Amino acid sequence: QVHLVESGGGLVQAGDSLRLSCAVSGRTFTGHVMGWFRQAPGKEREFVVWLMGSGTRTRYADSVKGRFTVSRDIAKNTVYLQMNDLKPEDTAVYYCAATRRAATTISDGYDYWGPGTQVTVSS
(Lines give C-alpha, C1' and ligand atoms only; values in the text may rest on other atoms or scores of the structure.)
Protein backbone atom coordinates (compact mmCIF):
# COMPACT_ATOMS: atom_id res chain seq x y z
CA GLN A 1 0.00 0.00 0.00
CA VAL A 2 1.19 3.52 -0.81
CA HIS A 3 0.00 6.58 1.07
CA LEU A 4 0.20 10.05 -0.40
CA VAL A 5 -0.30 13.37 1.36
CA GLU A 6 -0.14 16.71 -0.42
CA SER A 7 0.77 20.02 1.18
CA GLY A 8 1.75 23.54 0.19
CA GLY A 9 -1.47 24.84 -1.26
CA GLY A 10 -2.83 28.27 -0.46
CA LEU A 11 -4.22 31.56 -1.68
CA VAL A 12 -1.92 33.60 -3.91
CA GLN A 13 -2.16 36.38 -6.46
CA ALA A 14 -1.71 36.01 -10.19
CA GLY A 15 1.97 35.86 -11.07
CA ASP A 16 2.98 34.37 -7.73
CA SER A 17 4.61 31.00 -7.12
CA LEU A 18 3.81 28.00 -4.95
CA ARG A 19 5.54 24.71 -4.34
CA LEU A 20 3.39 21.70 -3.62
CA SER A 21 4.79 18.64 -1.89
CA CYS A 22 3.59 15.06 -1.97
CA ALA A 23 4.89 12.92 0.87
CA VAL A 24 4.93 9.23 0.02
CA SER A 25 4.87 6.46 2.62
CA GLY A 26 4.37 2.75 2.55
CA ARG A 27 6.00 0.75 -0.18
CA THR A 28 9.03 2.16 -1.90
CA PHE A 29 7.99 4.55 -4.61
CA THR A 30 11.07 4.52 -6.79
CA GLY A 31 9.36 2.14 -9.19
CA HIS A 32 6.18 4.18 -9.36
CA VAL A 33 5.12 6.72 -11.88
CA MET A 34 4.10 9.84 -9.97
CA GLY A 35 1.47 12.17 -11.31
CA TRP A 36 -0.17 15.46 -10.46
CA PHE A 37 -3.76 16.18 -11.38
CA ARG A 38 -6.09 19.04 -10.57
CA GLN A 39 -9.81 19.56 -10.36
CA ALA A 40 -11.54 22.90 -10.51
CA PRO A 41 -15.12 23.36 -9.23
CA GLY A 42 -17.63 21.92 -11.67
CA LYS A 43 -14.92 20.45 -13.90
CA GLU A 44 -13.44 17.02 -14.41
CA ARG A 45 -10.10 16.04 -12.95
CA GLU A 46 -7.34 17.27 -15.27
CA PHE A 47 -3.85 15.91 -15.91
CA VAL A 48 -1.00 18.24 -14.98
CA VAL A 49 2.23 16.23 -15.16
CA TRP A 50 3.73 12.80 -14.71
CA LEU A 51 7.25 11.83 -13.71
CA MET A 52 9.15 8.55 -14.09
CA GLY A 53 12.28 7.21 -12.46
CA SER A 54 14.59 9.78 -10.97
CA GLY A 55 12.72 12.54 -12.73
CA THR A 56 14.49 12.57 -16.06
CA ARG A 57 11.33 11.53 -17.87
CA THR A 58 8.39 13.85 -17.55
CA ARG A 59 5.33 14.94 -19.46
CA TYR A 60 3.42 18.16 -18.87
CA ALA A 61 0.02 19.35 -19.89
CA ASP A 62 0.27 22.13 -22.45
CA SER A 63 -1.51 24.50 -20.09
CA VAL A 64 1.32 24.36 -17.54
CA LYS A 65 4.35 23.73 -19.72
CA GLY A 66 7.08 26.26 -19.05
CA ARG A 67 5.50 27.38 -15.76
CA PHE A 68 5.34 24.21 -13.67
CA THR A 69 8.23 21.90 -12.81
CA VAL A 70 7.98 18.48 -11.21
CA SER A 71 10.78 16.81 -9.27
CA ARG A 72 11.31 14.06 -6.74
CA ASP A 73 13.61 13.63 -3.78
CA ILE A 74 14.01 9.89 -3.38
CA ALA A 75 15.81 10.22 -0.04
CA LYS A 76 12.86 12.17 1.36
CA ASN A 77 10.18 10.09 -0.41
CA THR A 78 8.70 13.33 -1.68
CA VAL A 79 7.55 14.66 -5.02
CA TYR A 80 7.37 18.39 -5.64
CA LEU A 81 5.43 20.57 -8.02
CA GLN A 82 6.94 24.02 -8.43
CA MET A 83 4.33 26.34 -9.88
CA ASN A 84 5.43 29.72 -11.21
CA ASP A 85 3.53 32.57 -12.84
CA LEU A 86 0.26 31.26 -11.49
CA LYS A 87 -2.94 32.28 -13.24
CA PRO A 88 -6.54 32.38 -11.97
CA GLU A 89 -7.31 29.40 -14.22
CA ASP A 90 -4.83 27.34 -12.18
CA THR A 91 -7.25 27.51 -9.27
CA ALA A 92 -8.15 23.93 -8.31
CA VAL A 93 -7.62 21.14 -5.84
CA TYR A 94 -4.31 19.54 -6.71
CA TYR A 95 -3.88 15.79 -6.28
CA CYS A 96 -0.78 13.64 -6.18
CA ALA A 97 -1.13 10.14 -7.62
CA ALA A 98 0.99 7.03 -8.10
CA THR A 99 0.94 3.92 -10.20
CA ARG A 100 3.19 0.99 -11.01
CA ARG A 101 1.55 0.69 -14.40
CA ALA A 102 2.56 2.61 -17.49
CA ALA A 103 2.79 6.39 -17.35
CA THR A 104 -0.44 7.96 -18.49
CA THR A 105 -2.31 11.23 -18.57
CA ILE A 106 -5.54 9.41 -17.66
CA SER A 107 -6.57 9.53 -14.02
CA ASP A 108 -7.97 5.98 -14.13
CA GLY A 109 -4.43 4.78 -14.72
CA TYR A 110 -3.37 5.70 -11.21
CA ASP A 111 -3.90 3.43 -8.22
CA TYR A 112 -3.07 5.66 -5.28
CA TRP A 113 -4.25 9.18 -4.56
CA GLY A 114 -3.71 11.80 -1.91
CA PRO A 115 -6.58 13.79 -0.39
CA GLY A 116 -5.61 16.93 -2.34
CA THR A 117 -4.55 20.47 -1.51
CA GLN A 118 -6.39 23.63 -2.52
CA VAL A 119 -4.67 26.22 -4.70
CA THR A 120 -6.50 29.49 -5.23
CA VAL A 121 -5.12 32.20 -7.50
CA SER A 122 -6.75 35.60 -7.36
CA SER A 123 -6.60 38.07 -10.24
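The values are calculated or read from the model by the stated rules, or taken from the named source; none is laboratory data. Computed from a predicted model, the values in this text were never measured in an experiment. Backbone-built Cβ (ideal geometry, glycine too); neighbour counts: all protein chains shown. Please note that ligands, DNA and RNA were not included when accessible areas were found on the heavy atoms of the full protein model with its side chains. Shrake-Rupley method; radii C 1.70, N 1.55, O 1.52, S 1.80 Å.
Find the residue count for region 1-50, including only residues that are polar (S, T, N, Q) and over 12 Å from Val79 (Cα atoms).
So the answer is 5.
Restricting to region 22-72, and then to whatever is of a type in the set (Lys, Arg) and outside any strand (DSSP E or B), can you tell me which residue is farthest from the chain's Cα centre (by Cα)?
So, considering only residues that are of a type in the set (Lys, Arg) and outside any strand (DSSP E or B), the one farthest from the chain's Cα centre (by Cα) is Arg27.
For region 11-43, give me each residue that is surrounded by fewer than 17 Cβ atoms within 10 Å (Cβ to Cβ) and within 19 Å of Thr120 (Cβ to Cβ).
Of everything in region 11-43, those that are surrounded by fewer than 17 Cβ atoms within 10 Å (Cβ to Cβ) and within 19 Å of Thr120 (Cβ to Cβ) turn out to be Leu11, Gln13, Ala14, Gly15, Asp16, Ser17, Arg19, Gln39, Ala40, Pro41, Gly42, Lys43.
Return yes when Val33 is touching a Ser or Thr at 6+ places or on another chain (Cβ under 8 Å), within 23 Å of Arg101 (Cβ to Cβ) and not charged (D, E, K, R) and no when it is not.
The answer is yes for Val33.
Would you point out the residue of region 108-123, among those that are open to solvent by 30 Å² or more (accessible area, probe 1.4 Å) and within 16 Å of Val2 (Cβ to Cβ), that is farthest from the chain's Cα centre (by Cα)?
For region 108-123, the residue satisfying everything is Asp111.
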